[in-house]
Amino acid sequence: MAAWIVGGVGVLLSAWIGTQRFSFSLLEILAWVGVSNLVALVGALLTLRLEKVSWVKSGILAGTARTWTFLTLVYFGSLLVAVPALREFSVLLRMALPLILSTGLMMPGILGPILDQWVRSAQRRERLKSRLAAGQP
């Protein structure tokens, strides 16, 4: 529930700042929110998958600070590629926090079910391995 509230606050702040401070259209701002949620999802999934690769986990993503740095670079790098208007520093500076807050919309509705599926698949594989090791079909 909290993620939905934070996401809604992020959307409202994005719309208010984007339309009042910078005179972007509401449709543009909503597109930015969608892109922000998409790149946050891709960044989170990429980071979680890369943590399963041993050399990446022990090198690039060794420790919490490196993992968050990687995720932040993926998020902002992708956002700047996808939304050219954010390449202007003043726009990015004022819109970064609202767009980050808006990613709360993606967490419970999209990321949660994907992660649940990943866990179920891993549990199924482990059960199958244990059955095969015990000689059961």
Quiz item: Which ones in region 17-42 are farther than 19 Å from R87 by Cα and either in contact (Cβ under 8 Å) with a residue 60 or more places away in the chain or surrounded by 14 or more Cβ atoms within 10 Å (Cβ to Cβ) (or both)?
Solution: L41
Quiz prompt | Scan of region 47-97 for residues that are at pLDDT 90 or above, surrounded by 15 or more Cβ atoms within 10 Å (Cβ to Cβ) and either of a type in the set (S, T, N, Q) or in a loop (DSSP other than H, G, I, E, B) (or both), ordered by number | solution = T47, T67, S78, V83
Quiz item: Pick from L105, L13: which is surrounded by 14 or more Cβ atoms within 10 Å (Cβ to Cβ), modelled with pLDDT under 90 and in a helix (DSSP H, G or I)?
Solution: L105
Self-check item: The listed residue being touching a residue at least 60 places away in the same chain (Cβ under 8 Å), within 23 Å of P108 (Cβ to Cβ) and touching a Pro at 6+ places or on another chain (Cβ under 7 Å), out of L13, L48
Solution: L13
Quiz item: Got a number for residues in region 75-102 being in contact (Cβ under 8 Å) with a residue 24 or more places away in the chain and either under 15 Å from V11 (Cα atoms) or of a type in the set (S, T, N, Q) (or both)?
Solution: 9
Exercise. Take region 66-123 and flag every residue that is of a type in the set (V, I, T) and either farther than 24 Å from W55 by Cβ or touching a Pro at 6+ places or on another chain (Cβ under 8 Å) (or both).
Key: V81, V83, V91, I100, T103, I110, I114
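The values are calculated or read from the model by the stated rules, or taken from the named source; none is laboratory data. Predicted model, so just to flag it, every value in this text is computed and none were measured. Glycine also receives a Cβ, built like all others from the backbone with ideal geometry; neighbour counts cover every protein chain displayed.
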